[in-house]
Number of protein chains: 2
Amino acid sequence: MTNAFETRLYVETGLTEAAEIFLDADRTHYLRNVLRLRPGLRVQLFNGRDGEWVAEIHSLDKHTAGLTVATRARMQTREPDLWLAFAPIKRARIDFVAQKATEMGASRLWPVFTRFTQMGRVNLARMRANAIEAAEQCGRLSVPDVRDSTDLDSFVTDWPNDRVLLVCDETGCGTPILRALSGLDSRRAGFLIGPEGGLAKAELDRLGKLPNVCRVSLGPRVLRADTAALAAVACWQAAVGDWKGGPKDEM
Amino acid sequence: MTNAFETRLYVETGLTEAAEIFLDADRTHYLRNVLRLRPGLRVQLFNGRDGEWVAEIHSLDKHTAGLTVATRARMQTREPDLWLAFAPIKRARIDFVAQKATEMGASRLWPVFTRFTQMGRVNLARMRANAIEAAEQCGRLSVPDVRDSTDLDSFVTDWPNDRVLLVCDETGCGTPILRALSGLDSRRAGFLIGPEGGLAKAELDRLGKLPNVCRVSLGPRVLRADTAALAAVACWQAAVGDWKGGPKDEM
């Protein structure tokens, strides 16, 4: 029997004491047929805004599960503000990036089509589902914002001036990553991971015109795009984000 | 047509000028039927000892490929000395750890059975094949040493006194990883990643008796074992290993 207390579900509705929540058919199927929960058991709910709440299942039929929100178990806390933009890669690898980057605490996932990107489209619904599942499992109180895919020109135009852009550079010419991170004067940052074929020179030139851009290196080996994405997020979290430890207000 | 110059193969035999190398049936099949190479084309060979050499295919039939070693393209260099020990996890995830840790430059992969490890066995041949393939693709000059699996008691007994052991701690009580790494007085180190259920208290006590052991934290979220393994290797490489940049003799 699954320990119902360890079942965490992301919901979009507001969470307050005594609120009634009704789950859709997919979620209901998951509770009823996968986890084999039943009325009277409790789960944990979060929505990215109101913290984490314990809720009790009061009804559970084939079509919908009804839950009553009981008590708040954790307050919503400020979370790291790290965007991960990446050229789409093939399915298993993109699933993997969405899951792992969510576990490690990225706040936004953003597919960017570049000149040498091999993939023609990206399944955003699948990426969101992966992010939600990983968020539920890793205990975080939010789900990363999965952005609609864009092209590099729009990406550059839309990038905020006050956010550092760290471009992972496979040419070996970038600044070693921890050195680049130690010099940051902002904790609002994002990485851009290029496709397996790298970014084109014209693209690098275009990116270079942003006010807060830095090319960073992840060492002498050729990392696959998914490896580079996760290594970059891990280094940022360790150096700047909430793996750094210390008082909460340092974040 | 594949660019033959980008085909890198790991071999076990010695590499010197004019040496003749014969590949086994699997490797031959790969060159002939997958890459569709033919006699006269060149590939790159490395063996973890003699650097990287350009070799020319002189014969290629169904059973064996014959190559003549021509010139050395890169000298063997000193590589990071980082071991990654981990409780075995299920197949797709263990493949993934072997591939990614190799790309990121781990020098040893070592499966360790602990009390809460879910898997009963580990396919070492498959792990070695994954490590070799990743080493060929990422451009490194060595393949990690894939150790026979062991149990935690033997692991503790066999751990060298002069090597730091960094135990990834899911309880949140460990030292933040970069703080732990900045205090290291040795670049001979290794991580131990426990199973999804964590290490048992008796196991942590046993590990705590090693002279150079440190429990490290990878932040407040619950990372899956494969995510923790890769995050740990990335942080070590960035802080201590060859992603750090600077003069080679710093390594």
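The values are calculated or read from the model by the stated rules, or taken from the named source; none is laboratory data. Remember, it's a predicted structure, so these values are computed and weren't measured experimentally. Because the Cβ atoms are built from the backbone with ideal geometry, glycine has one as well, and the counts that use them run over all protein chains shown.
What the table shows:
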item: Complete set of residues in the range B:14-71 that are over 21 Å from residue B:138 (Cβ atoms) and small (Gly, Ala, Ser); result: B:14, B:18, B:19, B:25, B:40, B:59, B:65, B:66, B:70
item: Identity of the residue in the range A:117-138, in contact (Cβ under 8 Å) with a residue 60 or more places away in the chain and in a helix (DSSP H, G or I), that ends up farthest from the other protein chains (Cβ to nearest Cβ); result: A:132
item: Among the candidates B:91, B:115, B:74, B:121, residue that is touching an Asp or Glu at 6+ places or on another chain (Cβ under 7 Å) and either over 21 Å from residue B:49 (Cβ atoms) or β-branched (Val, Ile, Thr) (or both); result: B:115
item: Matching strands (runs of 3 or more DSSP E) fully within the range A:32-108 where at least 1 residues are more than 25 Å from the chain's Cα centre (by Cα) and surrounded by 15 or more Cβ atoms within 10 Å (Cβ to Cβ); result: A:42-46, A:52-60, A:65-74
item: Residue list for the range B:100-138, restricted to those being of a type in the set (S, T, N, Q) and out of contact with any Ser or Thr (no Cβ under 8 Å at 6 or more places or on another chain); result: B:102, B:114, B:117, B:118, B:123, B:137
item: Residue match in the range B:22-37 (condition: small (Gly, Ala, Ser) and out of contact with any Lys or Arg (no Cβ under 9 Å at 6 or more places or on another chain)); result: no
item: Selection count where residues are in contact with a strand residue (DSSP E or B) (Cβ under 7 Å, 6 or more places away or on another chain) and among the acidic types (Asp, Glu), scope the range B:3-59; result: 4
item: Within the range B:200-222, tally of residues that are within 16 Å of residue B:175 (Cβ to Cβ) and surrounded by 15 or more Cβ atoms within 10 Å (Cβ to Cβ); result: 12
item: Some residue of the range A:146-163 being within 14 Å of chain B (Cβ to nearest Cβ), buried (at least 22 other Cβ atoms within 10 Å of the Cβ) and within 18 Å of residue A:229 (Cα to Cα); result: no
item: Every pair of residues 6+ apart whose Cβ atoms lie under 8 Å, when the first sits in the range B:152-163 and is over 12 Å from residue B:110 (Cα atoms) while the second is in a helix (DSSP H, G or I); result: B:153/B:206; B:156/B:206; B:156/B:207
item: So residue B:141, is it crowded, with 19+ Cβ neighbours inside 10 Å and closer than 25 Å to residue A:98 by Cα; result: no
item: Residue ID - farthest from the other protein chains (Cβ to nearest Cβ), chosen from residues in the range B:180-214 that are under 22 Å from the mean Cα position of the chain (by Cα) and basic (Lys, Arg); result: B:188
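So that you can scan it fast, the table gives a plain yes or no per residue for (1) over 18 Å from residue A:128 (Cβ atoms); (2) free of Cβ contacts under 8 Å to residues at least 24 places away in the same chain; (3) not assigned by TED's automatic domain parsing to the domain that holds residue A:132:
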| residue | (1), (2), (3) |
| --- | --- |
| A:12 | no, no, yes |
| A:15 | yes, no, yes |
| A:18 | yes, no, yes |
| A:27 | no, no, yes |
| A:36 | yes, no, yes |
| A:41 | yes, no, yes |
| A:44 | yes, no, yes |
| A:68 | yes, no, yes |
| A:86 | no, no, no |
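Residues are listed down the side, and each one gets a yes or a no for (1) under 16 Å from the mean Cα position of the chain (by Cα); (2) more than 25 Å from residue A:178 (Cα to Cα); (3) not hydroxyl-bearing (Ser, Thr, Tyr); (4) not assigned by TED's automatic domain parsing to the domain that holds residue B:97:
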position: B:144; (1), (2), (3), (4): yes, no, yes, no
position: B:150; (1), (2), (3), (4): no, yes, no, no
position: B:155; (1), (2), (3), (4): no, yes, yes, no
position: B:165; (1), (2), (3), (4): no, no, yes, no
position: B:178; (1), (2), (3), (4): no, no, yes, no
position: B:220; (1), (2), (3), (4): no, no, yes, no
